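Enquirer: Below is the structure I would like to discuss, written out as structure tokens.
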Amino acid sequence: MSTRSDTVAGSDPRPAENPEPAGGVPVPKPGRWATAVSTPIRRHLLLAAAALVVIALVLENTSTFRQSQLTSVAYLAIAAAGLTVLTGLSGQLSLGHGAFMAVGAYTAALLLRGNDSAWSLPFAVLVAVLVSSLVGVVVGMAAARLHGPYLAGATLALAVAVPGLALYFSDQLGGEQGMIVPSPSVPPVIDDVMYFLTGNDLGSTKYLAYWSWAVLLVVFVLLANLSAGRIGRRWRAVRDDEVAAEIAGIDLGRARILAFVISAACAGAGGALMAMASRIVAPSGFTLTLSLTLLSAIVIGGLGTLSGALIGAALLTYIPPVVTNLGLNAGLSSLQAAELAPLVTGVFTVVVILFAPLGLIGSYRSWSASRRLRDKGVK
């Protein structure tokens, strides 16, 4: 039996791990950081850079109305991405994520009220993320002790209760009428740079759309790296088998709280951008319907997939106006056409659940994997 000294002496027929080239200079092995950057992080950054180019081309060639729609897709996708991490990866069902969006929206509205600074938009989003994260810590500590329908019921109560705070503190939060959010002003430096690059003026609507999609890309890159790393593996272990995860040394409470905090931070960022896009923050905008919309988005797109969250948000943004226009063209009244949109959206969601239970992205991946196995002759 060969020993380690035999291997060093050269009796091992396998090639050396660090061979020397003809010149005699040893080839250094890649470091741990270089190896990490060369795989998932680099791939995610390259995809984000390519997506940024596509977004710029789209925004520069669309109308103001389409730019506002793209902003809606972005902030819904940001909040849905956080929810898909919470529900799809860590297995915690939340029916009250609209409450965290309300926290972020009201935080941004308070910061932007009477603030004419050109750089107030990123500052408001950052503070909204921090405040929502703090709320997520408090809620997550309580939610970590709940499971299944109990957790769903607690988050449902949160979604009902939080908008009511605006009525209780009506002097500070505007009450039922809400708070007016000023349009974000474009910094002159950014306006000049964008005009040099695109030849087009950067209005407030387009500026907000760029910011929304930039935040979306940052959130998706961070969540993708977390999901592919050790934290994501812990979440999936807790979701699949709590007993086995605890035996393996995973702190269940800490993993659940971290997922809740990250999800709440994403919802806060989405809520801040939503407030700037709608120009008003009122309790009527953060009802249970918003929380169910986020849940529908990840169910339609596919639980646990960021691309599914984006596709679900896009479908729930574009289906209602398309259905409403079709209803008007068919001779329906404005009220009938408006009521037709949620009906079609609900039916579409049910159809997806019945025929694609893993969501659009999840079902496509399952079908693609099965097809590759059939091509290889594996039954």
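Throughout, read-outs are computed from the coordinates displayed, never taken from laboratory work. Because the structure is a prediction, the values reported are computed rather than measured. Note: ideal-geometry Cβ built from the backbone for every residue, glycine included; neighbour counts use all protein chains shown.
Enquirer: Taking the Cα centre as origin and putting +1 on Lys and Arg beta-carbons and -1 on Asp and Glu beta-carbons, what dipole magnitude results for region 275-379, to the nearest 20 debye? Display every interim value, and only then the final one.
Expert: Details: 7 positive and 2 negative charges, 132 e Å.
It works out to roughly 640 debye.
Enquirer: Would you mind working out the magnitude of the charge dipole of the chain relative to its Cα centre, with +1 at each Lys and Arg C-beta and -1 at each Asp and Glu C-beta, to the nearest 20 Debye?
Expert: Computed charge dipole of the chain: roughly 1080 debye.
Enquirer: Could you run the Karplus curve 6.51 cos²θ - 1.76 cosθ + 1.60 with θ = phi - 60° over region 132-142 and give me ³J(HN,Hα) per residue in whole Hz, x for Gly and Pro?
Expert: Values, residue by residue: 5, 5, 4, 5, x, 5, 5, 5, x, 5, 6 Hz.
Enquirer: Return the Cα extents of region 127-268 along principal axes one, two and three, sorted largest first, each rounded to a whole Å.
Expert: Principal extents (largest minus smallest coordinate, Cα): 59, 41, 19 Å.
Enquirer: Percent of alpha carbon pairs in region 274-357 separated by more than 21 Å?
Expert: 39 percent
Enquirer: Okay, next question. Give the average over all directions of the projected area of the C-alpha convex hull of region 39-286, one decimal, in nm².
Expert: Projected area, direction-averaged: 13.9 nm².
Enquirer: Now, a different point. Give the relative contact order (percent, whole number) for the chain; include only Cα pairs under 8 Å separated by 6+ residues.
Expert: Relative contact order, the chain: 28 percent.
Enquirer: Turning to a different aspect of this structure: Quick one: which residues, 5 or more positions from Ile280 or on another chain, have an amide H under 5 Å from its amide H? H modelled 1.01 Å from N in the peptide plane, none for Pro or chain starts.
Expert: It is Val181, by chain and number.
Enquirer: For the chain, find the longest principal axis of its Cα atoms and tell me its angle to the long axis of helix 230-240, 0 to 90°, nearest 10.
Expert: Here the helix axis deviates by roughly 70 degrees.
Enquirer: Could you work out Rg/(2.2 N^0.38 Å) for region 206-274, with Rg from alpha carbons only?
Expert: 1.37
Enquirer: Write down the Kirkwood hydrodynamic radius of region 232-379, to one decimal in angstroms, obtained as one divided by the mean of 1/r over all alpha carbon pairs.
Expert: Details: mean 1/r = 0.0545 Å⁻¹.
Result for region 232-379 stands at 18.3 Å.
Enquirer: As a test of the formula, what do you get for the chain when each DSSP H run with n ≥ 4 contributes -39,500 (n - 2.57) and the sum is divided by the residue count, at 222 nm and rounded to the nearest 500 deg cm²/dmol?
Expert: -24000 deg cm²/dmol
Enquirer: Oh, and also: Within the set of other residues whose C-beta is less than 15 Å from the C-beta of Ser368, count the net charge using Lys and Arg as +1 and Asp and Glu as -1.
Expert: +4
Enquirer: Whole-Hz Karplus ³J(HN,Hα) for region 346-361, in order, using 6.51 cos²θ - 1.76 cosθ + 1.60 and θ = phi - 60°, x for Gly and Pro?
Expert: Calculated HN-Hα couplings, in order: x, 5, 4, 5, 5, 4, 5, 5, 6, 9, 9, x, 8, x, 5, 5 Hz.
Enquirer: Quick one: Karplus J couplings for region 201-216, per residue in order, coefficients 6.51, -1.76, 1.60, θ = phi - 60°, nearest Hz, x for Gly and Pro?
Expert: Couplings: 6, 9, x, 5, 5, 5, 4, 5, 5, 4, 5, 4, 6, 5, 4, 4 Hz.
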